[in-house]
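The values are calculated or read from the model by the stated rules, or taken from the named source; none is laboratory data. Because the structure is predicted, anything quoted here is derived from the model rather than measured. No Cβ is skipped: glycine too gets one built from the backbone with ideal geometry, and neighbour counts run over all protein chains shown. Ligands, DNA and RNA are excluded from the accessible area calculation, which covers all protein heavy atoms including side chains. Shrake-Rupley method; radii C 1.70, N 1.55, O 1.52, S 1.80 Å.
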Amino acid sequence: MAEFYSAVDTVCLALGAAWLAVLIGPEQAIMAGVVPFLLGAVLKSALGAMVLKLIHGRMKRADA
C-alpha cells in the first residue's frame, strides 16, 4: 500500500511541476515546486504504511 501512496505523491508532484514549469521554467519549477515537498511526501507515505500495518494487525487479532 505504501507503494500506492508513493505513486500518487509522485504523480501529484509531477503534474504540479509541469504546470509550474509553464509559468516559471522547468528548473525553477522543480526547485520551487518539488524539492521542498519531497521530505513531506516520504514521511506521509511511511506514516500511512505504518498506520495501515497497525490496523491490519489489529483486525487479524480481532478475527482470531
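Placing unit charges on the Cβ atoms of the charged side chains and taking the dipole of the chain about its Cα centre, the candidate lying farthest along the positive direction among MET59, GLY40, ALA7 is MET59. Computed over protein heavy atoms with a 1.4 Å probe, the accessible surface of the chain works out to 80 Å² per residue. Given Cα pairs under 8 Å that are at least 6 residues apart, what percent is the relative contact order of the chain? The normalised contact order for the chain reaches 36 percent.
One entry in (1) 56, 16, 11; (2) 48, 26, 16; (3) 51, 14, 13 is Cα extents along the principal axes in Å calculated from the shown coordinates; its label is (1). Applying the Karplus relation 6.51 cos²θ - 1.76 cosθ + 1.60 with θ = phi - 60° to the range 46-54 yields 3J(HN,Hα) values of 5, 5, x, 5, 5, 5, 4, 5, 5 Hz, where x marks Gly and Pro. Relative to the Cα centre, the charge distribution of the range 1-62, modelled as +1 at Lys and Arg Cβ and -1 at Asp and Glu Cβ, gives a dipole magnitude of about 560 debye.
If one takes the longest principal axis of the Cα atoms in the chain, at what angle in degrees, from 0 to 90 and to the nearest 10, does the Cα axis of helix 2-24 lie? For 2-24 against the chain, the angle is about 10 degrees.
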